[in-house]
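The values are calculated or read from the model by the stated rules, or taken from the named source; none is laboratory data. Values in this document were obtained by computation on a predicted structure and should not be read as measured data. All Cβ positions, glycine included, derive from the backbone under ideal geometry; neighbour counts span all protein chains shown.
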Ligand SMILES: NC(=O)C1=CN([C@@H]2O[C@H](COP(=O)(O)OP(=O)(O)OC[C@H]3O[C@@H](n4cnc5c(N)ncnc54)[C@H](OP(=O)(O)O)[C@@H]3O)[C@@H](O)[C@H]2O)C=CC1
Ligand SMILES: O=C([O-])CC(=O)C(=O)O
């Protein structure tokens, strides 16, 4: 249980857009206190559900409309469905403010949002999220990277319902062995699996872009975690990285994702920053 104060003038005011798996964990942490940051506002779809949750947690925070976020916050953590990315980002970036974007798949086809940030002095921050090693990837990208290849294996229910599976009538129900359901670029994967592989979209932005970053996606009944393996070849280093994410209550989202957001938020005001 936590009792949260609403924003104070010295703090960076943080709002949360989307009070789901990620949003609730981040809201709770901000309410408990992160140095130099305050929980300033929340926007969600089901206000009654959100209010009941806030009351249960003892968090005092206004629920506001999407368009009003710039009046309440210096930074919005976007952890909502991909299709409202624009509605969250546009007002904040036009006001020269920051948005931490979790729906990285939805950002790939929207370079105009980066242009908007540039034009108004705003900033889009994509945290490492459910992945690993963006410090090494972005360092290598200062030199020359020749390839970034990723292989994702998820329990079938972590992929069920993805638009690509539905459109191609690929069933992942009742699988008894691993099935490769997709092979292609990060750009195509983000469009095909918008709520399942934000990780590869973010990886591509850290490295060599969505057309040269490749991914294989497997529905694997033998795994219980969301498993990602990455191989990078660069003129400075070759490296492989892997992570096995414990799914949260939302089987598509690893538990580490919200913790990555909290770590990224903490870094914003910390007097000691470690890592690239
Ligand atoms: N970059 C990364 O590494 C990762 C990114 N993600 C992405 O992060 C995002 C959030 O993930 P997660 O927290 O698991 O998702 P959830 O589905 O758990 O939560 C999303 C929340 O958004 C809310 N919502 C729906 N419509 C609106 C609206 N119009 N305005 C405001 N809020 C709305 C819903 O609230 P309500 O309950 O009121 O309907 C829901 O609770 C997703 O896009 C996901 O794909 C996920 C994992 C890793
Ligand atoms: O990228 C995503 O959307 C989620 C993911 O793979 C994970 O949590 O492991």
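Could you tell me whether segment 224-232 includes any residue that is more than 16 Å from ligand 2 (Cβ to nearest atom) and exposed (fewer than 14 other Cβ atoms within 10 Å of the Cβ)? Spell out how you get there, then give the answer.
If we filter segment 224-232 for residues that are more than 16 Å from ligand 2 (Cβ to nearest atom), which is where we start, we get 231-232.
Of the ones still in play, those that are also exposed (fewer than 14 other Cβ atoms within 10 Å of the Cβ) are none.
No, because not a single residue in segment 224-232 is more than 16 Å from ligand 2 (Cβ to nearest atom) and exposed (fewer than 14 other Cβ atoms within 10 Å of the Cβ).
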Wholly within segment 129-223, helices (runs of 4 or more DSSP H) carrying at least 1 residues that are within 17 Å of the chain's Cα centre (by Cα) and away from ligand 2 (no atom under 13 Å from the Cβ): 134-141, 186-192, 198-206
Test: residue in segment 224-233 that is away from ligand 1 (no atom under 15 Å from the Cβ), modelled with pLDDT of 95 or more, in a loop (DSSP other than H, G, I, E, B) and farther than 30 Å from residue 33 by Cβ: yes
Candidates 161, 174 - the one that is free of Cβ contacts under 8 Å to residues at least 12 places away in the same chain and within 18 Å of residue 226 (Cβ to Cβ): 161
Filter result for the condition that a residue is at pLDDT 95 or above and touching a strand residue (DSSP E or B) at 6+ places or on another chain (Cβ under 9 Å), over 51, 45, 90, 56: 51
Odd one out for residue 268, checked against (1) touching a strand residue (DSSP E or B) at 6+ places or on another chain (Cβ under 8 Å); (2) within 16 Å of ligand 1 (Cβ to nearest atom); (3) closer than 20 Å to residue 75 by Cβ: (2)
Residues that are farther than 16 Å from residue 70 by Cβ, away from ligand 1 (no atom under 16 Å from the Cβ) and either in contact with a strand residue (DSSP E or B) (Cβ under 7 Å, 6 or more places away or on another chain) or in contact (Cβ under 8 Å) with a residue 24 or more places away in the chain (or both), drawn from segment 101-125: 114
Within segment 134-145, considering residues that are buried (at least 20 other Cβ atoms within 10 Å of the Cβ) and within 27 Å of residue 93 (Cα to Cα), the one farthest from ligand 1 (Cβ to nearest atom): 137
